[in-house]
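Notes follow once the structure below has been shown.
Where a number appears in this text, it was derived from the coordinates with a stated rule and is not lab data. On a predicted model such as this, the values are computed, not experimentally measured, just so you know. No Cβ is skipped: glycine too gets one built from the backbone with ideal geometry, and neighbour counts run over all protein chains shown.
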Amino acid sequence: MDEKIDNLKEMEYYSNFNTVGEYIIKWKKAKPKNNDLIILNNCLVHMGFYVNDLIANQKMYDKSLSQYRSDKIRAVNRARKAEDNLKNLQEKYKKLKLEKELGV
């Protein structure tokens, strides 16, 4: 996907995550013994770690895919160059063979 769009989506996610986190922290300070807020806070922390892991995995996937594509392109170019060299050498061989047969 487009890197700029991904960055915008990530910024939006982090902004929303921080806003929700700030409210939870504010409410927890007001009511530190509220079990629902403790559970909500723990859930938000786990969701944050999970989403960060997904984002990191996607970036690693995109990077490795890009490297695989580069490697493939490089291999194809090397193969084409080798084929061209082989073709040139075969032509030179035929020419030298003919010259030898003709005694030139």
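Computed from Cα atoms, the angle from the helix 3-30 axis to the main principal axis of the chain rounds to 20 degrees.
Helical runs (DSSP H, four residues minimum) scored at -39500 (n - 2.57) apiece and divided by the length of the chain put the mean residue ellipticity at 222 nm at -34500 deg cm²/dmol. Rg and Dmax of the range 3-102, based on Cα coordinates, read 30.5, 103 Å. Placing +1 on the Cβ of every Lys and Arg and -1 on the Cβ of every Asp and Glu, with no other charges, gives the chain a dipole of roughly 420 debye about its Cα centre. Oblate is the label for the range 14-59, because the ratio a/c of its alpha-carbon gyration tensor axes (a ≥ b ≥ c) is 1.5 or higher and a/b is not greater than b/c. When both the range 1-41 and the range 90-104 are represented by their alpha-carbon centers, they are found 78 Å apart. Using a simple spin-label model with pseudo-atoms 7 Å out from Cα toward Cβ, Ala30 and Asn42 lie 2.3 nm apart.
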